[in-house]
Each structure stands twice: as structure tokens, then as C-alpha cells.
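Trainee: For reference, the structure I am asking about is given below.
The values are calculated or read from the model by the stated rules, or taken from the named source; none is laboratory data. Because the structure is predicted, anything quoted here is derived from the model rather than measured. Using ideal geometry, Cβ is built from the backbone for each residue, glycine included, and neighbour counts are taken over all protein chains shown. Heads up: the accessible areas ignore ligands, DNA and RNA and are worked out on the full protein's heavy atoms, side chains in. Shrake-Rupley method; radii C 1.70, N 1.55, O 1.52, S 1.80 Å.
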Amino acid sequence: MDAEHDEIAKSKQERDAHGRTCRGASRRRAPEDIEVDGYVIPKGWQSFWSPCVTHMDPAKFLPSRFDAQAAFINIDMNMENARMTYTSLPGDALGAWGARGYGYRTCDFPFYPRPRRWEEADGGGVEPEAAAREREREAPRRERGNGNDDDPRRRQPDPQQLEAPVLATEEHKDNIVVVVAAVVTSSALASSARRRERGKRRRERERGESGSLGFPLIGQSISLLRALHSNTDYQWYQDRIKKYGPVFKMSLFGSPTVLMAGPAANHFVFSNQDLIFTQTKAINTILGRSILTLSGEELKRVRSALQGYLRLEMVTKYMRKMDEEVRMHIDLNWVGHKTVKAAPLAKRLTFDIICSVIFGQGIGPIREALATDFETLVQALLSLPVNIPFTKFNKGLRASRRIRKVLREIAREREAALQQGHSSSADDFFTYMLVLRSEGTHSLTVEDIVDNAIVILTAGYGTTAVLITFLLRYLANDPDILGKITEEQEEIARRKGPNEPLTWNDVSRMKYTWKVALETLRTVPPIFGSFRTAVKDIEYHGYHIPKGWQVFTAQSITHLDGNFFSDPVKFDPTRFDNQTSLPPYCFVPFGGGPRMCPGNEFARTETLVTMHYLVRQFRWKLCCEEEGYRKDPVPIPVLGLPIELETRSPPEYAHA
Ligand code: HEM
């Protein structure tokens, strides 16, 4: 029995002697302001304690010698130093033996009667009577032979020692040195960790690996969509550019993606032939086999056909229809109203204009249903491609099926009319495309022509509606700019007879109005960014972009960059007085390169025609000065931009 007891005691001694020589450290955080020997440790600060300070102190242990007995013999001597950290923190027990720490965080291996030591050593708060009572309670045990004061294993702390001043001056200084050393060491460690992290990021950037792909499928899509929704996307890009540099990876809308920032990146994305025009998976699925998905020769032919349909000379022909639609729309929706919601009205107007151009005459009754379905479709374009009921994506798919059905019927009718010689190529988009096919310009099926019509309709109305909406918003706040625009438009009107529609010449004179529109496009670009996909592994300034990855540029990154536009948040149309002075590829509301928006002239013309009639006929005030806007995915004022209308002059150009 005795032998067994000795064995156990010996192994405990050896273990604890080993603990003495092991180095480590411990920290505690103050849950409230604490005072220790005149030092205030503020709430939330850490106190730091290292066992080696006492364990390796030659005054208490012989540091170089492994001595199992020392753990027991010196146990009370080093207690005083250790108490500084442990006693200062309520809830933690004091221990001289620091290798395992003490208090609530102590390894669960009872060696001391720890709670008692905590009570005894509780700074100046130890009551001598309590300590005496405790000693009395322990005495009988010692007398029964369970404890022997000479036996170091049974020795209890000397009450004299416990009641002595907590810290002797020298030791006090030692502890200050320890704390200072700890603070210096930890800040040095933190800054070296930061340096290592920066170095890692730099190396990652050099290898083109910076950034993070995030969770599978979702990646950063939700985060970006949220930023777009709260109109904080510019900050979203800036935060990441600051962290990862101007080129970094992430995962957007189901694909690994490299974001690139700056005019050079815009140029690269818009012009590199190994990057093909891509849209998100949702866009590709919903919009079908269109110009957006074609490649090679077929793309060239279709692009040139669409460009031909939207080119300047064609737009001059559409002007009459535009003028008519604008006046009819104003008569129906603006005249006689005290307040209107500008955003939905602008959308409806641009939808009506593009419909009258694409379909020609005769789809009046189904326009309403089409308008609703196109709205649902547009909402789904940036959704996650998860086809389960009630998701935006699913609703968008169903809307696109309904639209396709209607357009297919119209296309078949036009095909039949063309075969019977009842129509000409300029009548509408379907006839125009069918004529080109018969001439061998492309080989699109009726189904493909329908898909391309859907793309033009989708691309053509929401974007211009954003421009008109935000023009109205800016002009409401800036009477000077509105005054100059009105002057320009009145001057044009003076040259015309009453009710005479605007001509191409008139639109060409609207130079100042267009500068204001350009400044609107700079500050609120309707399309937030462009996507492309790498058809093979490519390099960009040392960054590796693997085959199949997307690349993405966001227009606001350069539009709001003070390096290219001084005081970028200021609305200042004079920036466009000399457009050639702008560095290339920093102002890209219509994109750039071979896939630049083919509808830019169309958009310009319908915007200017609309502004001509609105500024001459009305003055307006914002109903809600503080109204913000979100990007969903195109920018839209959260309340739809309600405005109070005042009729300005007799509508001498009213619809006949
Ligand atoms: C203010 C109005 C508009 C803006 C800001 C705008 C902007 C853009 C942008 C940024 C692109 C894509 C560029 C890229 O990723 O490289 C684009 C493409 C396109 N836009 Fe526009 N757009 C506008 C109006 C229109 C209109 C009115 C139409 C048609 C009537 C139209 C038809 C198209 C088409 C078909 C494409 C695809 C071109 C291709 O695939 O090659 N856009 N637009």
C-alpha cells in the first residue's frame, strides 16, 4: 500500500516538475475595471502571465536542473508573482503553479485544494479570521497523521506569507516588465502576421490567385446582389479591390469569376478575342439561342444584321414612330395628373417605343400582357439558376415561354405575309430578319429570330427607361441645368410648325441635353457590368485566367474614379464638353469593342425626343427628396420616383 502511494506521489512530482520547465503563457480578459495594487486594468483589457517568469526564476527553482522535489518545496514561494494575474480577475483561482494555470481554466487534476487557495490569496480581501478558521479545520487532519508539516507534500501555505504585502517592490517591477514585454511581443507578432498576410496576398496576386471563390454555387452572388440592392456596389468593389488588388477571383452566379478593375481591364474585357460574350447562366437559359450565345461566323452575321437594324439611318426612319409614341404617352399618362410615378411611366414609354419599332403596327391588344411578362423576365436575369417553383428564375422561365409563344405566332404571320409579297423589309424586325435570311446574310431559324427579338426588347427598354428616370430626378434638383435644357429645346421648337414631329436634324441639335444625359449615364449606369468567358487559359498582366472562367468588369469602378473624373460625385455635364479629353475605356455606359451596345443611337434618340416634350410642357418636383434607389439589376428609385407636376405651357404639340 505504502509502496503504491509512493509510486503515485513520485509520478505526480515528476509530472509537475516537467510542467515547471514547460513554457507557456496565459491570458485573461477583465470583465470589468479591476484594480490590482494601485494599477487599474480597464474593462476589456487583457492581462498576460507566463509561468516561465516564476518557473525559471533561480531564486525559486534551479532552472537548469530537473528536480521533482522542487515543485513541492518551492511551491509557496512563487505564488506571489503568479497572483498578479489570477487574483486580479474575479472568478479565477490563484496558483503559484502556472504550467497548467489556475481557476476556471485549470486542467482538471486536483493537486492543491485550489478553491481554498483562491480564497486565501484573494489580495487584501483575505480575512485573517477566515484563514485562521481554515487552519484550525486542517489541524486535526494533520494530527491524525494525514498531514505532516514536515512533509512537503502535505504542507499548507504559510499564513504569514499569504498575509504579507502582495507584491514586493522588485517583483512588482518584474511584473511590469513582463507585461510590457508581453504587449511588445504580441504587437510584434501581430504586425509580423499582418506582413505575412500581405506578402501572401501579393504572391497570390502575382500568381493570379487572390480572392476567394466562397461557397459552391452561391459564392459571392448573394453578397453582390445585396450590395446592388442597397446601392452599395461601388463600395463592395472598392473593399475587395483594396483587399485583393485590381484583379481577383470570386464566384458569381454559379461560375468562377475574375473581377478586373480599371480602363485597361475594360479594354481587355471588351476587346480580347479569347473572351467570349457571356451572360449569367440565368440569362442564357431565359433568353435562349440569341446573339448573346452565338460565336464565330454565325455571331458576326447576326451581329451585323442586328446592327443594321439599329444603325443610325434606320433610327432616323424610326423617329416618326418614336415621336408619335412619346406624345401619345404624355397625353395619356401625364397631362391632367398632379402627381405621377416617373419610373414605371418611363419604362412603359420605352417598352411601347421598342414594341412599335420591332413589331410594326398591330400588336396593341397584347402589349399589356407582354409588358407584364417582360418585367418578370427582367427580374429573373440575375437570379440564381435554381428552377424550383416560385423562385425568380422559375417565374422568369415561365414568362419567357409565354413571350416566345406570342412572338413565334407573330413571326410566322410575317413569314407568310412576306412569302405572299405583302410586306417589305423595313416594316418590322421579323420581316427585316427574314428578308436578310432569304438573301443569305444569315441562317437563323424563325425560333432563333424570335430569341433575338426577345434580346432586343429586353435590352432596349429597361436601360433607356433608367436613363430617362434619372434625368428627371437630376433635373428636379437642378433648376440651372433644367433651364439650359429648356432653352435648347425651345430654340428647336421655335424652328418648327405646330405639331410638326421632330426630325433627325432636330435631335442632332440637342447637344447640351445629351451632355446631361451622358453625365446621368456616368453616375447611374443602367448596366452595372459586363461578363465574358475565357475560351482558353489566358493571361492578363501576369494574372492567370483558367479556361471556362468568367471575367467581369463593373462600370462604376471607372465612372466614379477621381483619377478620371474630378470630384466624381458631383453632377457636372460640362465634363462632356470635350469628350475626346476623356481617357479611353473609362466611360463605358454602352460597353466597348466589337460587342458594344448596338442600340446606343436608338437609346439616344428616344431619350432626347422624350425630354424635348417633357421639359417644354412640365415642371416637376420630387415628392420625396430623400428617395434612394436600388439596382434590381437595373437602377430603380425605391418609390418609383413620384413627382408633382405643373403644366408649363399650352400643349400646342398635342397628339392630333
Ligand atoms: C441607355 C440605354 C442603353 C444602355 C446604357 C445600354 C448598354 C448596353 C451594354 C453595356 C451592353 C453590353 C456591353 C458588353 O457587355 O459588352 C449592351 C448590349 C446590347 N444592347 Fe444596349 N444599352 C442601351 C440601350 C439599348 C437599346 C435601346 C437597344 C436596342 C434597341 C440595345 C440593344 C443591345 C443589344 C442587342 C446588346 C447585345 C450586343 C451583343 O451581344 O453584341 N441597347 N447594351
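Trainee: When you scan region 210-281 for strands (runs of 3 or more DSSP E) that lie fully inside it, which ones turn up with 2 or more residues that are within 17 Å of Ile557 (Cβ to Cβ)?
Mentor: In region 210-281, the matching strands (runs of 3 or more DSSP E) lie at 247-252, 255-260.
Trainee: Any idea which of (1) modelled with pLDDT of 95 or more; (2) over 22 Å from Asp478 (Cβ atoms); (3) of a type in the set (Lys, Arg) is the one Lys547 doesn't satisfy?
Mentor: (1)
Trainee: When the residues of region 432-472 are narrowed to those that are of a type in the set (Asp, Glu) and touching a Lys or Arg at 6+ places or on another chain (Cβ under 8 Å), which ends up farthest from Val634 (Cα to Cα)?
Mentor: Selected residue: Glu447.
Trainee: When you go through (1) within 16 Å of the ligand (Cβ to nearest atom); (2) more than 21 Å from the chain's Cα centre (by Cα) one by one for Arg575, which number turns out not to apply?
Mentor: Status for Arg575: all satisfied but (1).
Trainee: Considering every residue within region 512-524, establish whether at least one is at pLDDT 95 or above, more than 16 Å from the ligand (Cβ to nearest atom) and farther than 30 Å from Ser221 by Cβ. Show your work before the answer.
Mentor: Restricting attention to region 512-524, the residues satisfying the condition of being at pLDDT 95 or above are 512-524.
Among the residues that remain, those that are also more than 16 Å from the ligand (Cβ to nearest atom) are: 512.
From what is left, the residues that are farther than 30 Å from Ser221 by Cβ are 512.
Looking for residues that are at pLDDT 95 or above, more than 16 Å from the ligand (Cβ to nearest atom) and farther than 30 Å from Ser221 by Cβ, one finds at least one in region 512-524, hence yes.
Trainee: Residue under question is Arg616, and the condition is that it be open to solvent by 40 Å² or more (accessible area, probe 1.4 Å) and either within 16 Å of the ligand (Cβ to nearest atom) or in contact (Cβ under 8 Å) with a residue 24 or more places away in the chain (or both); does it hold?
Mentor: no
Trainee: How about region 532-541: which of its residues are open to solvent by 10 Å² or more (accessible area, probe 1.4 Å) and either near the ligand (Cβ under 10 Å from one of its atoms) or of a type in the set (Lys, Arg) (or both)?
Mentor: Lys536
Trainee: Shifting gears a bit: Please work out which residue is nearest to Gln379 (Cα to Cα), limiting yourself to region 323-347 and to residues that are free of Cβ contacts under 8 Å to residues at least 60 places away in the same chain and in a helix (DSSP H, G or I).
Mentor: Step one: filter region 323-347 for residues free of Cβ contacts under 8 Å to residues at least 60 places away in the same chain, giving 325, 329, 332-333, 336, 345.
Next, from what is left, pick out any that are in a helix (DSSP H, G or I): 325, 329, 332-333, 345.
Details: Glu325: 25, His329: 24, Leu332: 27, Asn333: 24, Leu345: 17 Å.
Once the filter is applied, the top-ranked residue is Leu345.
Trainee: When you look at Thr580, is it within 16 Å of the ligand (Cβ to nearest atom) and either more than 25 Å from Gln273 (Cα to Cα) or touching a strand residue (DSSP E or B) at 6+ places or on another chain (Cβ under 8 Å) (or both), yes or no?
Mentor: Judged against the criteria, Thr580 is not a match.
Trainee: Which of the residues belonging to region 448-475 are open to solvent by 30 Å² or more (accessible area, probe 1.4 Å) and either farther than 30 Å from Arg401 by Cβ or part of a loop (DSSP other than H, G, I, E, B) (or both)?
Mentor: Arg473, Tyr474
Trainee: A further question on this structure: Taking region 183-205 as the search range and keeping residues that are surrounded by 13 or more Cβ atoms within 10 Å (Cβ to Cβ) and either acidic (Asp, Glu) or modelled with pLDDT under 70 (or both), which one is farthest from Arg240 (Cα to Cα)?
Mentor: Step by step, filter region 183-205, then rank; the result is Glu204.
Trainee: Oh, and also: Assess whether Phe552 counts as being touching a Ser or Thr at 6+ places or on another chain (Cβ under 8 Å), open to solvent by 30 Å² or more (accessible area, probe 1.4 Å), touching a residue at least 60 places away in the same chain (Cβ under 8 Å) and not small (Gly, Ala, Ser).
Mentor: It is false that Phe552 is touching a Ser or Thr at 6+ places or on another chain (Cβ under 8 Å), open to solvent by 30 Å² or more (accessible area, probe 1.4 Å), touching a residue at least 60 places away in the same chain (Cβ under 8 Å) and not small (Gly, Ala, Ser).
Trainee: Search region 383-437 for residues being polar (S, T, N, Q) and open to solvent by 80 Å² or more (accessible area, probe 1.4 Å), and hand back the single one that is farthest from the chain's Cα centre (by Cα).
Mentor: Going through region 383-437, the residues polar (S, T, N, Q) turn out to be 383, 387, 391, 394, 400, 419-420, 423-425, 431.
Filter once more, keeping what is open to solvent by 80 Å² or more (accessible area, probe 1.4 Å): 387, 419-420.
Numbers: Asn387: 25, Gln419: 53, Gln420: 55 Å.
Looking at the filtered set, the residue picked out is Gln420.
Trainee: Residues being within 15 Å of Arg595 (Cβ to Cβ), polar (S, T, N, Q) and either touching a Ser or Thr at 6+ places or on another chain (Cβ under 8 Å) or away from the ligand (no atom under 11 Å from the Cβ) (or both): count how many of those fall in region 296-326.
Mentor: The qualifying residues number 1.
Trainee: Among the residues of region 534-553, which ones are in a strand (DSSP E or B), more than 26 Å from Asn231 (Cα to Cα) and of a type in the set (Val, Ile, Thr)?
Mentor: If the condition is that a residue be in a strand (DSSP E or B), more than 26 Å from Asn231 (Cα to Cα) and of a type in the set (Val, Ile, Thr), then Ile538, Ile545 are the ones that fit.
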